[in-house]
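Taking it in order: structure first as structure tokens, then the write-up.
The values are calculated or read from the model by the stated rules, or taken from the named source; none is laboratory data. Please read these numbers as outputs of a predicted model, since none were measured by experiment. Using ideal geometry, Cβ is built from the backbone for each residue, glycine included, and neighbour counts are taken over all protein chains shown.
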């Protein structure tokens with residue numbers, strides 16, 4: 001089973017069951033963002049977590065096994081996504097990336113934020129002028145080695 005076939009099976013089961021990514025993640029015992037990413041083929045799960053997810057969705061061991069395979073990340077993204085929501089994150093990086101880099105270097109020194117030792121949370125903030133999307137990225141700072 002390919003990662004694409006796995007993702008299609010998971011999404012079909014999610015729709016059939018009428019469930020949410022939050023409920024699927026809760027069944028697996030990991031974060032909503034991480035489990036969703038694994039289900040979309042961008043991360044892998046340990047077998048025990050994969051079985052919990054597939055049992056919750058009523059899927060077989062082929063899907064559970066596919067969830068455990070380490071993926072080739074971001075191979076489906078060769079250009080900037082045309083999806084309006086995803087494009088906005090590229091736009092944020094284009095417009096604010098330089099400022100983010102400057103401030104991170106000022107506060108931490110020369111280095112990067114890890115995308116491996118990393119957490120991402122998405123929350124909803126209700127606002128009478130229009131609900132707000134709150135995205136929190138939390139990554140370990142990795143200084144460049146001087147040698």
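Hey, does region 27-48 have a residue that's within 30 Å of residue 132 (Cα to Cα), modelled with pLDDT of 95 or more, out of contact with any strand residue (DSSP E or B) (no Cβ under 6 Å at 6 or more places or on another chain) and loosely packed, with under 12 Cβ neighbours inside 10 Å?
Scanning region 27-48 turns up at least one residue that is within 30 Å of residue 132 (Cα to Cα), modelled with pLDDT of 95 or more, out of contact with any strand residue (DSSP E or B) (no Cβ under 6 Å at 6 or more places or on another chain) and loosely packed, with under 12 Cβ neighbours inside 10 Å.
Quick test of your reading of the structure: residue 90 fulfils all but one of (1) assigned to a helix (DSSP H, G or I); (2) more than 30 Å from residue 146 (Cβ to Cβ); (3) in contact with a helix residue (DSSP H, G or I) (Cβ under 9 Å, 6 or more places away or on another chain). Name the failing condition by number.
That leaves (3) as the condition not met.
Does residue 116 count as part of a strand (DSSP E or B) and outside the structural domain of residue 10 (by TED's automatic domain parsing)?
The answer is yes for residue 116.
Restricting attention to region 49-68, report how many residues are farther than 20 Å from residue 18 by Cα and loosely packed, with under 15 Cβ neighbours inside 10 Å.
2
Would it be correct to say that residue 62 is farther than 24 Å from residue 115 by Cβ, touching a residue at least 60 places away in the same chain (Cβ under 8 Å) and over 16 Å from the mean Cα position of the chain (by Cα)? Step through it out loud before you land on a result.
Numbers: farther than 24 Å from residue 115 by Cβ: yes; touching a residue at least 60 places away in the same chain (Cβ under 8 Å): yes; over 16 Å from the mean Cα position of the chain (by Cα): yes.
Criteria met by residue 62.
Considering (1) surrounded by 19 or more Cβ atoms within 10 Å (Cβ to Cβ); (2) under 18 Å from the mean Cα position of the chain (by Cα); (3) more than 25 Å from residue 117 (Cα to Cα), say which one residue 4 fails and leave the rest.
(1)
Just need a number here: residues in region 115-135 that are within 19 Å of residue 30 (Cβ to Cβ), surrounded by 10 or more Cβ atoms within 10 Å (Cβ to Cβ) and without any contact (Cβ under 8 Å) to a residue 40 or more places away in the chain.
4
Return the pair list, or none, for Cβ contacts closer than 7 Å from residues in region 1-30 that are part of a loop (DSSP other than H, G, I, E, B) to residues that are surrounded by 12 or more Cβ atoms within 10 Å (Cβ to Cβ), at least 6 apart or on different chains.
Short answer, once both residue conditions are applied: 1/62; 1/63; 1/66; 29/49; 29/52; 30/49.
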